[in-house]
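Participant: Dropping the structure in here first, questions after.
What follows draws every value from the coordinates through simple rules; no lab data is involved. Values in this document were obtained by computation on a predicted structure and should not be read as measured data. Reconstructed Cβ throughout: ideal geometry from the backbone, glycine too, with neighbour counts over all protein chains shown.
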Amino acid sequence: MTKLWMCTALVLTFVSLGQAQTAAATPPMGWNSWNHFACKVTAADIRAAADAIASNGMKQAGYTYVNIDDCWQGKRDAQGNIRANQRFGDMKALADYVHSKGLKIGIYSSPGPKTCAGYEGSYRHEEQDAKQYAAWGFDYLKYDWCSAEKVYQPSQMPEVYKKMHDALAATDRPIVFSLCQYGLDRVWRWGGSVGGNLWRTTDDISDHYDRMALIGFGQNGLERFAGPGHWNDPDMLEIGNGGMKHDEYITHMSLWSILAAPLLAGNDLSKMSAADLAILTNKEVIAVDQDAKGVQGRRVAQEGPLEVWAKPLADGSYAVGLFNRGESANPVTLQLKGIGISGSAHVRDLWAHRDLGSFSGSYTATVPKHGAVMLKVR
């Protein structure tokens with residue numbers, strides 16, 4: 001390993017070693033209801049998403065979790081147990097259905113009295129809710145700060161999130177714990193110490209190139225806080241929601257994979273184009289995200305709107321992204337010495353699924369406006 005990557009590969013001492021070795025050993029992959037369905041989501045939508053993932057190639061590509069976001073909650077019963085609203089009904093039956101497809105299922109709550117959409121949160125019901133999620137058979141919890149700011153001080157965030165982690169751990173059911181508090185208080189520095197498997201590093205994404213680019217390219221510098229079992233989360237994928245062009249979605253998927261980010265699709269899977277499905281299921285690109293080395297990539301060169309990012313892989317090669325944030329097509333050059341390679345190297349285009357040959361010193365590709373070329377360099 002070159003000195004360039006030594007600090008990136010270190011596992012932070014504050015991370016729970018047991019957790020790092022078990023849950024979320026690679027970045028979680030799946031689907032989340034919020035980006036497309038928001039509060040209109042129903043149990044039927046969750047079943048349909050599970051059906052689609054199981055049949056359209058996404059399951060085979062690695063997508064595992066079918067995650068319900070906000071708006072599933074009903075009222076608590078007389079004993080304080082959370083119940084689903086009429087759009088969801090029997091949550092155990094829903095979880096069983098998703099599991100029957102060979103997939104896992106996720107749920108959502110808040111440490112505050114209410115969720116972002118005003119539904120029942122887990123405030124003062126943490127242990128009770130954790131037991132309920134486990135009894136229903138859930139495998140993943142997204143825990144969204146929201147109204148917690150009304151009952152806690154910002155300095156209490158770590159202990160608040162640790163309280164739910166401990167409640168989940170006490171159920172003896174493996175449940176991936178996703179911290180959603182928008183990067184407040186530099187969560188990447190303490191998220192692992194409170195049991196987080198992933199933590200949001202930014203505010204919400206939207207289906208617009210400028211927003212996606214601001215979030216994605218803004219992850220540079222956070223790479224030393226990511227690794228097996230504990231991942232930086234720049235928010236969910238917007239691919240297929242229609243707000244970006246094809247090349248912009250290529251950038252989205254390429255960048256998130258180099259970042260070792262969770263890959264949680266957020267589109268209507270029943271109406272997905274073949275082109276968008278091909279982006280989401282490119283196994284060579286996904287292999288970069290899911291690489292066993294668990295290193296988050298970083299920017300290694302920049303010339304104005306032209307950027308080169310790289311990520312070392314377990315087999316000794318490098319994944320490289322050539323990105324063009326400019327308004328016209330431009331040549332983007334990888335200098336091999338910039339990733340610690342002297343002499344020549346073999347280059348493969350991961351989107352074209354094509355070996356390009358050996359190159360000495362550098363490799364240059366013309367990259368379309370807002371587009372990306374993704375390479376494997378050995």
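Participant: Quickly estimate the mean residue ellipticity at 222 nm for the chain, helices only: each DSSP H run with n ≥ 4 gives -39500 (n - 2.57), and the total goes over all residues, rounded to 500.
Facilitator: Mean residue ellipticity at 222 nm (helix-derived): -7500 deg cm²/dmol.
Participant: Moving on to the next point. Provide the descending list of Cα extents for the chain along its principal axes, expressed in whole angstroms.
Facilitator: Cα spread of the chain along its principal axes, largest to smallest: 71, 44, 34 Å.
Participant: Using a Förster distance of 30 Å, how high is the FRET efficiency between residue 356 and residue 210, based on the Cβ-Cβ distance and rounded to 0.05?
Facilitator: Details: r = 31 Å, r/R0 = 1.03.
E(calc), rounded to 0.05, equals 0.45.
Participant: Nearest 5 is fine: what % of DSSP beta bridges in the chain come out antiparallel, could you say?
Facilitator: Among the beta bridges of the chain, antiparallel pairing accounts for roughly 60 percent.
Participant: Name the long-range amide H neighbours of residue 227: under 5 Å, sequence gap of 5 or more, or other chain; modelled H, no Pro or chain starts.
Facilitator: Long-range HN contacts for residue 227: 232.
Participant: Around residue 202, with a cut-off of 9 angstrom between Cβ atoms, what is the net charge of the other residues, counting Lys and Arg +1 and Asp and Glu -1?
Facilitator: Overall, the nearby charge balance is -3.
Participant: Given the Cα-Cα distance of residue 92 and residue 275 and 0.36 nm per residue of separation, how much length would full extension add, in nm?
Facilitator: Length difference between fully extended and current span is 62.4 nm.
Participant: Residue 277: net charge of surrounding residues, Cβ under 13 Å, Lys/Arg +1, Asp/Glu -1, itself excluded?
Facilitator: +1
Participant: Specify the angular offset, from 0 to 90 degrees and rounded to the nearest 10, of the alpha carbon long axis of helix 157-170 from the longest principal axis of the alpha carbons in the chain.
Facilitator: Between the helix axis and the principal axis of the chain, the angle is about 70 degrees.
Participant: In whole angstrom, how far apart do the alpha carbon centroids of segment 41-100 and segment 310-353 sit?
Facilitator: Distance between centres, Cα-based: 39 Å.
Participant: With a point put 7 Å past each Cα toward its Cβ, work out how far residue 314 is from residue 151 in nm, to one decimal.
Facilitator: 4.1 nm
Participant: Related question: Sticking with the crude label model, points 7 Å out along Cα→Cβ, report the distance from residue 335 to residue 284 in nm, one decimal please.
Facilitator: Result for the modelled spin labels: 2.7 nm.
Participant: Please rank 105, 286, 68, 215, fewest neighbouring Cβ atoms within 10 Å first, as an exposure proxy. It would help to have the intermediate numbers written out before the result.
Facilitator: Values: 105 26, 286 19, 68 30, 215 22.
Neighbour counts put them in this order, fewest first: 286, 215, 105, 68.
Participant: Report the net charge of residues surrounding residue 136, where surrounding means a beta-carbon distance below 12 angstrom and charges are Lys +1, Arg +1, Asp -1, Glu -1.
Facilitator: 0
Participant: Mind listing the phi-derived Karplus ³J(HN,Hα) values for segment 123-139, rounded to whole Hz, using 6.51, -1.76 and 1.60 with θ = phi - 60°, and x for any glycine or proline?
Facilitator: With the stated coefficients, segment 123-139 comes to 4, 6, 10, 4, 5, 4, 5, 4, 4, 5, 4, 5, 5, 6, x, 7, 10 Hz.
Participant: With contacts defined as alpha carbon pairs under 8 Å and 6 or more residues apart, what's the relative contact order of segment 15-289 in percent?
Facilitator: This gives 21 percent for segment 15-289.
Participant: A further question on this structure: Can you sort 122, 100 by how many other beta carbons sit within 10 Å, fewest first? List each step's numbers first, then the result.
Facilitator: Values: 122 26, 100 10.
Listing 122, 100 from fewest to most nearby Cβ atoms yields 100, 122.
Participant: Give the shape of segment 318-365 as rounded, prolate or oblate, defined through the alpha-carbon gyration tensor: a ≥ b ≥ c are the square roots of its eigenvalues, a/c under 1.5 means rounded, and otherwise the shape is prolate if a/b is larger than b/c and oblate if not.
Facilitator: Numbers: a/c = 2.10, a/b = 1.37, b/c = 1.53.
Oblate is the answer for segment 318-365, as a/c is 1.5 or above yet b/c matches or exceeds a/b.
Participant: Could you derive backbone 3J(HN,Hα) for segment 336-345 from the dihedral phi with the Karplus parameters 6.51, -1.76 and 1.60 (θ = phi - 60°), listing whole Hz in sequence and x where the residue is Gly or Pro?
Facilitator: For segment 336-345, the Karplus curve yields 4, 5, x, 10, x, 9, 9, x, 9, 8 Hz.
Participant: For 58, 374, which order do you get if you count the other beta carbons within 10 Å of each Cβ and list the fewest first?
Facilitator: Ranked by crowding around the Cβ, least crowded first: 58, 374.
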